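Note sheet for the following structure.
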Amino acid sequence: MSDTSYKTLKLERRGPVGWLLFNRPEALNAMNAAMREELAGAWLELDNDPDVRVIVHTGEGRAFQTGVDVAELASDGVGMERYRESMENWDLHFTAWHQKVAKPVITAVNGICAGGGFHWVADADVVIAADDAQFFDPHVSVGQVVAPEAIGLLRKMPFEAVMRMALVGRHERMPASRARELGMISEVVPAAELRTRAQELAETIAKNSPAAMAATKRALWGALESGLTEACRQGAKEVVSVWGHPDQDEGPRAWAEKREPKWAEPAKHDGAAR
Amino acid sequence: MSYAGLAVEREGPVGWLIFDRPKVGNAMDAAMLADLPKAWRELDEDPSVRVIVNTGNGPSFQTGLDVRQLAKDKDALREQSRRTKRAELLITAWHNKVATPVIAAVNGTCAGGGLHFVADADIVIAASDAVFCDPHVSVGQVSAFELIGLARRAAFEPTARMGLIGRHEKLPAERARQLGIVSEVVPPAELRDTARSLAGKIALNPPDEVRHIKQLLWRALEDPA
């Protein structure tokens with residue numbers, strides 16, 4: 001099933017997996033103003049669809065994502081000023097993290113991931129990549145500052161590698177194999193098999209309790225916001241939140257009966273309200 | 001002193017804290033939960049012990065709570081639930097404010113709550129056949145403390161992947177080394193010798209300074225970053 005109401009994205013459902021694809025291959029999937037707006041709704045649509053248990057995010061063509069659409073900036077007479085207010089107010093809505101998506105999100109990096117493309121690497125739960133994927137951050141090479149996407153990555157992986165990309169700019173590319181060594185991503189697959197593997201991985205994750213995964217995800221992402229002891233105190237609330245939930249009985253019962261568990265339907269949520 | 005489900009031994013400057021319920025994957029039952037704080041304290045308060053090595057007997061390192069036993073022991077389960085709610089667990093060296101350096105020597109399967117002892121050790125080494133996984137979400141449970149601790153000391157993405165994929169995937173020892181979750185992988189038969197030798201090197205350093213540095217580094221994890 002494919003949703004045709006998006007111009008810059010494709011949304012698809014394959015079994016329990018919702019797919020979100022950047023769909024401007026002719027522009028290396030650069031994010032223009034239209035895509036930026038469509039992303040906000042696309043994340044919420046998939047997160048609110050009860051048939052979707054896990055979301056896979058990738059791109060059409062040879063690039064995953066190359067950041068803000070420079071051609072549009074140079075020609076529309078407004079330039080980066082268009083984004084000043086949302087950036088100054090830290091009011092962004094184009095990643096799963098910005099939109100408080102409760103479901104697991106797998107980013108499958110299908111090629112070049114440059115500059116602003118790191119937003120979706122930093123803000124995903126699981127990241128895999130094609131063996132020909134390349135990572136680099138050209139911001140400083142064109143006189144721009146990289147901030148949120150690099151800061152997100154700094155929290156999640158060794159500092160030096162992120163700083164090096166930020167300072168070297170367009171003059172060096174990190175291959176997928178190095179990204180895996182560093183724990184920026186967890187798996188590298190032959191390019192032709194990327195989508196098959198992403199679907200398979202998503203279906204595997206979809207076997208787990210949706211309620212337990214949502215709470216685990218909140219505990220882990222919450223930990224990026226605070227010190228260790230405080231993070232554990234907040235994490236305790238998430239652990240306790242599923243006590244008495246039907247999945248707590250169903251999980252062990254299915255295990256004892258050697259069958260796949262039948263999890264409760266995840267509660268529908270409004271991303272904006274959380 | 002002797003403890004339930006734990007072997008505590010001294011060997012030169014090394015204090016050994018060994019999970020000893022090999023028939024049940026060294027899972028923590030009510031008696032082991034009650035004795036863990038006492039065993040950590042005994043070794044930490046012994047001036048002859050310069051380094052504590054934590055490992056397991058049998059094919060597993062540690063596989064978390066012994067749910068079967070605890071289901072029959074309502075009082076112990078209630079007590080453990082109370083501590084979980086308040087984030088006041090008392091099972092690891094970190095929980096028990098152990099000042100002596102702690103080496104975890106992961107001798108086999110480390111699953112679910114077993115990850116506490118990896119997240120909360122100072123140094124972690126592993127046997128080449130050790131595996132790490134977190135099955136919580138596959139049985140309808142939430143994983144929090146273990147992964148929060150791990151994500152502070154290693155890359156976030158592989159930690160989140162372990163938490164979300166549950167029992168369907170295991171992280172091998174060599175990948176854990178590459179990610180910096182463990183620093184050394186050795187053949188299974190050499191694990192305890194390697195741990196003893198590493199502990200001996202740490203024991204050569206001045207104990208007060210070693211404890212001070214340990215305290216400083218752990219305190220740095222309390223900053224919101």
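Read-outs: derived from the displayed coordinates by stated rules, not from any lab. Because the structure is a prediction, the values reported are computed rather than measured. Neighbour counts run over all protein chains shown; Cβ positions are idealised from the backbone, glycine included.
Below, the figures for the structure above:
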quantity: Principal axes of region B:138-225: Cα extent on each, largest first, Å; calculated: 46, 39, 21
quantity: Value of [θ]222 nm, deg cm²/dmol, for chain A, DSSP H segments ≥ 4, -39500 (n - 2.57) each, nearest 500; calculated: -11500 deg cm²/dmol
quantity: Quarter of Cα convex hull surface for the protein assembly as shown, i.e. mean projection, nm²; calculated: 23.9 nm²
quantity: Average beta-carbon neighbours from other chains, 10 Å sphere, peptide B:83-93; calculated: 3
quantity: Residue exposure sequence - A:E200, A:E88 - by fewest surrounding Cβ within 10 Å; calculated: A:E88, A:E200
quantity: Footprinting exposure proxy for B:R86, A:R155 (fewest neighbouring C-beta atoms within 10 Å first); calculated: B:R86, A:R155
quantity: Charge context of B:L77, other residues only, Cβ under 12 angstrom, K/R +1, D/E -1; calculated: +1
quantity: Choice from A:L39, A:L153, A:L224 with maximal GNM fluctuation in chain A (Cα, 10 Å cutoff); calculated: A:L224
quantity: Calculated P(r) tail over 22 Å for chain A, as whole % of Cα pairs; calculated: 58 percent
quantity: Ascending count of other beta-carbon atoms within 10 Å, so fewest first, for A:H93, A:H171, A:H139; calculated: A:H171, A:H93, A:H139
quantity: Inter-chain Cβ neighbour average for residues A:152-163, partner chain, 10 Å; calculated: 2
quantity: Violating pairs (Cα-Cα greater than 22 angstrom) within the set B:K97/B:K214; B:K38/B:K97; A:K217/B:K85; A:K7/A:K207; A:K103/A:K262; A:K237/B:K72; calculated: A:K7/A:K207; A:K237/B:K72
quantity: Candidates A:V54, A:V70, A:V78: whichever shows maximal mean-square fluctuation once chain A is modelled as a Gaussian network with Cα springs under 10 Å; calculated: A:V78
quantity: Alpha-carbon radius of gyration plus Dmax, which is the widest Cα pair, for region B:11-98 in Å; calculated: 13.7, 41
quantity: Two-decimal log10 I(q)/I(0) for region B:67-225, as the Debye equation yields it once each C-alpha is a single scatterer, q = 0.09, 0.21 Å⁻¹; calculated: -0.32, -1.46
quantity: Cα lying deepest toward the dipole's positive end in region B:1-85, options B:L17, B:A71, B:A39, charges on Cβ; calculated: B:A71
quantity: Relative contact order for region A:1-60, counting Cα pairs under 8 Å that sit 6 or more residues apart, in percent; calculated: 40 percent
